[in-house]
Structure formats: structure tokens, C-alpha cells
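Student: Below is the structure I would like to discuss, written out as C-alpha cells.
Just so you know, all these numbers are worked out from the coordinates, no wet-lab data involved. What you are looking at is a predicted structure, and each value in this text was computed from that prediction instead of being measured. As a convention, Cβ positions derive from the backbone with ideal geometry for all residues, glycine included, and neighbour counts pool all protein chains shown.
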Amino acid sequence: MSDYFEWDVAKYGINVPAMDHEHEILIGHMNAVHSLYLAGASPTEVGAALEKLAAYTRKHFADEEAYMERIGFPELRVHAGIHKQLLARISAFAAEFARTSTLSDEFFSFLKMWLKAHICGIDVKYVAHTVPVSLDSAAHGIKLQHH
Ligand SMILES: [Fe+2]
Ligand SMILES: [Fe+2]
């Protein structure tokens, strides 16, 4: 089965390697939920994949917010607010799945919207504030303050 979303740097890459890497993993978790659900996996398996997606999303949002903080991105609060709303929706879908063992089309459109509108529309906004990292600092995570 082909992937629901394929990581494509030309489509989703925002030129911040650490965040591109996390977005790629995120897409992998979305694909896992989608393919398990379509393959008729048990609710336990699908629920576990959903939980992994939610957990990775929390990690990614926290990392991204820490990154925006480090680069002094002025719209951090607005962006963090959007993250909160996305997390609330994921939790709501997960709760619905726990009750009904069903993932609606709305859930999958939500994932599509998330990637297209959020990564390509909102995440790209902090890129302009990114300063180049040296190879050395890149190897130690993201360290962007000039010293
Ligand atoms: Fe992101
Ligand atoms: Fe984001």
C-alpha cells in the first residue's frame, strides 16, 4: 500500500533540518494510523498507533516551541496557541475512537489540513527568523544564538 502521505522535502521541507526531520517522523506516524486502520487492524493496535501519533505530536510541538523561543520568533505565542488547538483536536479524535473504534473521514481530512495548512502555512513563518547554524552546533542540536 502506498503511503497516505509521502515525505517530500520539496513539498514539506522548511529548510530547518531538525524540524524537517521531526515532520518526516510525524508523517510516518500518520501513515501508521492510516494503514493500520485501512488494513482492518484491531482497535487496540489502531488506538496504540493513535497514541504514538499524539505523543510524538506533543514532543514535536514542544521542540518547535523551544526552537522558536531560541530564535526569538515574535509570533511564538500565536503559533503555540495553534499547536494547543491541534492537540485538543487529536485528543478529541482519540477519545472518539476509544468510544466507537471508528475514525471518520473528518479525521483523515484533519491530518491533511494539518500538514498542508500548518507545516506549509504556519511553520514556514519561523524560518525567516532562523540564522545559519555551524556544522558543529548542528551536531549538538539547535543552537542559534550568536556569541
Ligand atoms: Fe511543525
Ligand atoms: Fe508548528
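Student: Taking K and R as +1 and D and E as -1, what net charge do the other residues with C-beta under 15 Å from the C-beta of Phe107 add up to?
Tutor: Working: positive: Arg89, Arg99, Lys112; negative: Glu51, Glu96, Asp105, Glu106.
That works out to -1.
Student: Something else now. Quick check for you: which residues of segment 67-90 have the amide N under 14 Å from the point 7 Å beyond the Cα of Lys116 toward its beta carbon?
Tutor: none
Student: Let me ask you something else. On average over all directions, what projected area in square nanometres does the chain have, based on the convex hull of its Cα atoms? Provide the component values of the computation, followed by the final result.
Tutor: Numbers: hull surface 36.6 nm².
Computing the convex hull of the Cα atoms and averaging its projections yields 9.2 nm².
Student: Now for a separate question. For n ≥ 4 DSSP H runs only, could you compute -39500 (n - 2.57) per run for the chain, divide by its residues and tell me the 222 nm figure to the nearest 500?
Tutor: -21000 deg cm²/dmol
Student: Relative contact order, percent, of the chain when contacts are C-alpha pairs under 8 Å separated by at least 6 residues?
Tutor: In percent, rounded to a whole number, it is 28.
Student: Return the aspartates and glutamates within reach of Lys112: Cα separation strictly under 20 angstrom, same-chain partners fewer than 8 residues apart disregarded; answer none if there are no such residues.
Tutor: Candidates past the 8-residue exclusion: Asp3, Glu6, Asp8, Asp20, Glu22, Glu24, Glu51, Glu64, Glu96, Asp123.
Student: So, with +1 on the Cβ of K and R and -1 on the Cβ of D and E, and no other charges, what is the size of the charge dipole of segment 15-139 about its Cα centre, to the nearest 20 debye?
Tutor: Numbers: 11 positive and 15 negative charges, 59 e Å.
About 280 debye.
Student: GNM on the chain, C-alpha springs below 10 Å: top fluctuator among Val124, Val33, Val78?
Tutor: Checking each option, the largest mean-square fluctuation is seen for Val78.
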